[in-house]
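S.K.: Dropping the structure in here first, questions after.
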Ligand code: PDD
């Protein structure tokens, strides 16, 4: 495939980055994953806004305007044949000549990288999850590539034959290792409120907007870990998963082990939004 690196479009296997890159040495970098449908990045503005917030939070300036980002990313998609894709975008604090924890001196250039990969088809058959203590840092609202805790948590899920880890901190559910979480109880949709413990998911936000638009009662609130087993439905959402139903948590069936009716409605509403945009 063709990728973008520091202003150039080139084959992915010819793209090289220095071992002194701060993304490599310190995970001093932020990223985005953007779904592309029929060659068009979905909810691009929301992703670019979150990228801007992540850069702000790690005290980096945005190297491009929204218009320039849009141009680079849509060009990259068409160079790769368009269609349905997952766009990956990462910005690091560059490759200064020495390994030093503090920021490099002014004039240091960031490393800007983007690539595409296959977009997995949405899993409507249902996911299995396990619950785990959230061992991540205190700024999970930043979409940082420092994902070691997420990697270990997801691997524990995989080791236990599950698709995702549902995380909790002080008895409250935060999110999945790489997804946002929703529960449905008595036709009411709930998701944890935004704070430093969760990523402001772009899909999460779209789901909340669709609930509002179609009159599905919804709230952002504290969700106790005990509420999961009593929920009528549990969903995990992300740019690559879309809205995926959870049918088993810690070995116990959710919604009798089947995707639920509210999930079915939400999936149709989301498909409609994808078609319209
Ligand atoms: N992950 N929470 C975490 C910790 C995530 O890593 C992700 C997405 C989400 C969902 O956010 P969004 O709806 O904006 O994709 C929530 C991406 C897909 C990844 O790391 O591959």
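Nothing in this text is a laboratory measurement; each read-out follows from the coordinates by a stated rule. Model, not experiment: these values are computed from the prediction. Note that each Cβ is placed from the backbone with ideal geometry, even for glycine, and that neighbours are counted across all protein chains shown.
S.K.: Can you tell me which residues in the range 166-180 are more than 10 Å from the ligand (Cβ to nearest atom) and on the phi < 0 side of the Ramachandran plot?
M.R.: Correct list: 166, 168, 169, 172, 173.
S.K.: Being in contact with a strand residue (DSSP E or B) (Cβ under 8 Å, 6 or more places away or on another chain) and near the ligand (Cβ under 10 Å from one of its atoms) is the filter here; which residues of the range 145-163 pass it?
M.R.: Residues satisfying the conditions are 145, 153, 154.
S.K.: Okay, next question. Applying the selection to the range 192-242, what residues are in contact with a helix residue (DSSP H, G or I) (Cβ under 7 Å, 6 or more places away or on another chain), assigned to a strand (DSSP E or B) and near the ligand (Cβ under 10 Å from one of its atoms)?
M.R.: 237, 238, 242
S.K.: Could you count how many residues in the range 85-116 are surrounded by 15 or more Cβ atoms within 10 Å (Cβ to Cβ) and not in a strand (DSSP E or B)?
M.R.: Final tally of qualifying residues: 7.
S.K.: Just to verify a result, which residue in the range 40-84, among those that are on the phi > 0 side of the Ramachandran plot and surrounded by fewer than 18 Cβ atoms within 10 Å (Cβ to Cβ), is nearest to the ligand (Cβ to nearest atom)?
M.R.: Of everything passing the filter in the range 40-84, 83 is nearest to the ligand (Cβ to nearest atom).
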